[in-house]
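The values are calculated or read from the model by the stated rules, or taken from the named source; none is laboratory data. On a predicted model such as this, the values are computed, not experimentally measured, just so you know. Cβ placement follows ideal geometry from the backbone for every residue including glycine, while neighbour counts extend to all protein chains displayed.
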Amino acid sequence: MQTMATQPKTLFEQFLAPLFERLIDREALIRLRDSIDWPTQIDAFTDPQVVYPEYYTTSNFHGIPKGYLNIDAALTYDPITQYVLPPGETWVRGSLVQAVQGSPRRLLDLGCGTGSTTLMLKRRFPQAEVIGLDLSPPMLVMAAHKARVANLEVTFRHGNALATSFPDASFDGVCATLLFHETPPAVAKAILQESFRLLSPGGQVLILDGNQRTLRATDWLNTVFEEPFIRAYAQGNVDAWLGLAGFERVRTEDVFWLNQLSYGLKPRSVAEPTPTEPPQDWAEWENPYPGAGPLPQPA
Ligand SMILES: C[S@@+](CC[C@H](N)C(=O)[O-])C[C@H]1O[C@@H](n2cnc3c(N)ncnc32)[C@H](O)[C@@H]1O
């Protein structure tokens with residue numbers, strides 16, 4: 001059996017970790033870490049009823065032991081993520097926010113992590129009740145910290161996207177950003193079924209994640225990022241998963257090169273067909289990366 005000292009370094013440890021270490025402002029991270037009372041906050045965000053699915057507690061995400069259930073993961077997530085969403089994090093996340101239809105009253109962000117998309121949703125729809133749900137208390141602590149700093153009223157909840165405790169038909173929009181490449185495909189499909197249950201008739205589901213076509217064509221990316229389920233995700237098809245869950249008007253669009261946005265609607269009653277209007281205010285969205293071309297347009 002190999003000892004720790006002789007264990008070969010993973011690609012992440014060899015190449016990406018040292019690179020990110022150079023890009024991260026370590027002093028700022030330490031200041032941020034010390035400004036939060038982690039034990040109290042983690043306690044406040046921990047629901048003892050939550051049962052962690054096996055894939056979540058037994059996998060190493062991004063080479064971090066215990067995946068997301070630790071403070072380091074919560075502290076380093078944002079500084080690293082900004083470098084892995086070309087052409088830019090705000091632009092990529094904005095593709096989802098801008099595709100939300102109409103004026104939703106209640107929005108749910110599943111696997112919200114540190115709340116980056118959740119806060120953008122609240123900024124875009126200030127009148128809406130916006131809720132972020134995640135399995136990781138440390139990630140939720142970070143998300144709540146960001147909301148406080150931004151003076152945004154968002155609710156963050158500890159919970160499992162596979163089986164939330166929210167009532168049927170209680171949201172107009174349910175979304176997930178960068179969640180599905182981190183779950184086994186069977187879990188992603190089950191989360192879509194739960195999303196279907198949570199949506200009111202005519203409600204919208206939106207999934208922003210890695211571009212499955214690109215990931216299939218560039219297998220080295222799957223090795224580099226050390227995501228345990230990314231190859232299985234790449235072989236799948238979110239479009240088909242949405243159809244299986246019962247959604248209609250399903251579409252998937254490229255978001256630049258590395259990401260894709262999929263969306264669909266929960267059918268209204270058979271007698272009342274779904275509306276055909278495009279998302280509102282599409283043209284008003286400011287594209288901070290004009291060099292990357294126009295934002296993906298709705299159908
Ligand atoms: C890659 S992060 C994405 C975070 C955030 N959505 C973003 O776009 O930055 C994946 C997140 O999904 C959460 N997660 C994974 N499985 C989950 C599940 N079954 N229910 C709720 N959250 C889950 C993890 O704790 C982690 O915070």
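From the list Ile36, Ile80, exactly one residue is of a type outside the set (S, T, N, Q) and within 15 Å of the ligand (Cβ to nearest atom). Which is it?
Exactly one of Ile36, Ile80 is of a type outside the set (S, T, N, Q) and within 15 Å of the ligand (Cβ to nearest atom), namely Ile80.
Conditions (1) at negative phi; (2) surrounded by 15 or more Cβ atoms within 10 Å (Cβ to Cβ); (3) at pLDDT 95 or above; (4) part of a loop (DSSP other than H, G, I, E, B), marked per residue:
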residue: Asp239; (1), (2), (3), (4): yes, yes, yes, no
residue: Arg251; (1), (2), (3), (4): yes, no, yes, no
residue: Leu261; (1), (2), (3), (4): yes, yes, yes, no
residue: Ser269; (1), (2), (3), (4): yes, no, no, yes
residue: Pro275; (1), (2), (3), (4): yes, no, no, yes
residue: Pro294; (1), (2), (3), (4): yes, no, no, yes
residue: Gln297; (1), (2), (3), (4): yes, no, no, yes
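Which ones in segment 201-227 are outside any helix (DSSP H, G or I), surrounded by fewer than 16 Cβ atoms within 10 Å (Cβ to Cβ) and in contact (Cβ under 8 Å) with a residue 40 or more places away in the chain?
Result: Pro201, single match.
Any chance segment 184-205 includes a residue that's more than 16 Å from the ligand (Cβ to nearest atom) and among the charged types (D, E, K, R)?
No, the conditions are met nowhere in segment 184-205.
Just to be sure, is Glu153 at pLDDT below 95 and either farther than 22 Å from Leu261 by Cβ or within 14 Å of the chain's Cα centre (by Cα) (or both)?
Against the criterion (at pLDDT below 95 and either farther than 22 Å from Leu261 by Cβ or within 14 Å of the chain's Cα centre (by Cα) (or both)), Glu153 does not qualify.
Of all residues in segment 136-149 being within 14 Å of Asp78 (Cα to Cα) and within 12 Å of the ligand (Cβ to nearest atom), which is surrounded by the fewest Cβ atoms within 10 Å (Cβ to Cβ)?
Only one residue tops the list, namely Lys146.
Can you tell me how many residues in segment 157-172 are in contact with a Pro (Cβ under 7 Å, 6 or more places away or on another chain) and within 16 Å of the ligand (Cβ to nearest atom)?
Going through segment 157-172 one residue at a time, the tally reaches 3.
From Val97, Val92, Val84, which residue is farther than 28 Å from Asp37 by Cα and at pLDDT below 95?
Result: Val84 is the single residue among Val97, Val92, Val84 that is farther than 28 Å from Asp37 by Cα and at pLDDT below 95.
Considering Leu110, Leu133, which residue is without any contact (Cβ under 8 Å) to a residue 40 or more places away in the chain and within 8 Å of the ligand (Cβ to nearest atom)?
Residue meeting the stated conditions: Leu133.
Taking the stated definitions as given, is Val100 free of Cβ contacts under 8 Å to residues at least 12 places away in the same chain and surrounded by fewer than 23 Cβ atoms within 10 Å (Cβ to Cβ)?
Criteria not met by Val100.
Conditions: (1) more than 25 Å from Leu75 (Cα to Cα); (2) within 12 Å of the ligand (Cβ to nearest atom). Ala128 meets all but one. Number of the miss?
If we test Ala128 against (1) more than 25 Å from Leu75 (Cα to Cα); (2) within 12 Å of the ligand (Cβ to nearest atom), just (2) comes out false.
Write out, first by first residue and then by second, each pair whose Cβ atoms fall under 6 Å of each other, whose residues are 6+ apart or on separate chains, and whose first residue, in segment 167-188, is on the phi < 0 side of the Ramachandran plot while the second is β-branched (Val, Ile, Thr).
From segment 167-188, the pairs are Gly173/Val100; Val174/Val205; Ala176/Ile207; Thr177/Thr117; His181/Ile230.
In segment 176-196, what residues are under 13 Å from Ala163 (Cβ atoms) and in contact with a Pro (Cβ under 9 Å, 6 or more places away or on another chain)?
Across segment 176-196, the qualifying residue is only Val187.
What pairs come out if I take residues in segment 44-69 that are surrounded by 14 or more Cβ atoms within 10 Å (Cβ to Cβ) and modelled with pLDDT under 70 and pair them with residues that are in a loop (DSSP other than H, G, I, E, B) and hydroxyl-bearing (Ser, Thr, Tyr) whose C-beta lies under 7 Å away, six or more apart or interchain?
Between residues of segment 44-69 that are surrounded by 14 or more Cβ atoms within 10 Å (Cβ to Cβ) and modelled with pLDDT under 70 and residues that are in a loop (DSSP other than H, G, I, E, B) and hydroxyl-bearing (Ser, Thr, Tyr), the close pairs are Phe61/Tyr68; Gly63/Thr10.
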